[in-house]
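Structure record follows, encoded as structure tokens.
The values are calculated or read from the model by the stated rules, or taken from the named source; none is laboratory data. Everything numeric in this text was worked out from a predicted model, so none of it was measured. Here the Cβ positions follow ideal geometry from the backbone for every residue, glycine too, while neighbour counts run over all protein chains shown.
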Amino acid sequence: MSLWRCGIGDCDAGFRDVESTIVHQTNEHERHECKVCGTVVPEGYFAIRHAFDEHTRAEYVRAYDADSSAVREREAIKDEIEAAVDLEAVIDRLGLELPI
């Protein structure tokens with residue numbers, strides 16, 4: 001069984017499941033302020049989710065000075081996580097409410 005990796009900055013913490021990875025990202029890393037709208041969200045998955053659920057690709061590219069490969073990389077990460085995650089379990093563990 002392969003480990004899920006945090007991937008924020010130089011953090012390479014590994015976890016058995018994606019839910020634990022997201023909990024780590026939320027609890028152990030600084031919050032992220034969206035450069036498009038200013039909303040503050042947990043770093044990592046929740047920041048990627050916010051960017052692509054709340055904003056267009058064009059808004060993301062402009063605000064983050066990103067290119068199409070950066071967009072595709074983050075969309076692939078989001079898709080991989082969402083294929084495996086029990087998001088309700090993560091929300092419950094964190095004591096949060098949607099939307100995040």
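Is it fair to say Glu59 is modelled with pLDDT of 95 or more, over 22 Å from Val36 (Cα atoms) and either in contact with a helix residue (DSSP H, G or I) (Cβ under 9 Å, 6 or more places away or on another chain) or exposed (fewer than 12 other Cβ atoms within 10 Å of the Cβ) (or both)?
no
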Do you know which residues across segment 12-38 are within 26 Å of His55 (Cβ to Cβ), surrounded by 12 or more Cβ atoms within 10 Å (Cβ to Cβ) and either in contact with a helix residue (DSSP H, G or I) (Cβ under 8 Å, 6 or more places away or on another chain) or β-branched (Val, Ile, Thr) (or both)?
Val18, Glu19, Thr21, Ile22, Val23, Gln25, Thr26, His32, Cys34, Lys35, Val36, Cys37
It is to be established whether one or more residues within segment 27-36 are touching a residue at least 40 places away in the same chain (Cβ under 8 Å) and either part of a strand (DSSP E or B) or over 18 Å from Leu94 (Cβ atoms) (or both).
no
Exactly one of Glu88, Glu59, Glu80 is under 14 Å from the mean Cα position of the chain (by Cα) and in a helix (DSSP H, G or I), and that residue is Glu80
The lone exception for Thr26 - which of (1) modelled with pLDDT of 95 or more; (2) of a type outside the set (Asp, Glu); (3) in contact with a strand residue (DSSP E or B) (Cβ under 7 Å, 6 or more places away or on another chain); (4) farther than 16 Å from Leu96 by Cβ it fails:
(4)
First in segment 57-78 and on the phi < 0 side of the Ramachandran plot, second anywhere and loosely packed, with under 13 Cβ neighbours inside 10 Å and in a loop (DSSP other than H, G, I, E, B), Cβ under 8 Å, 6 or more apart
Val61/Asp67
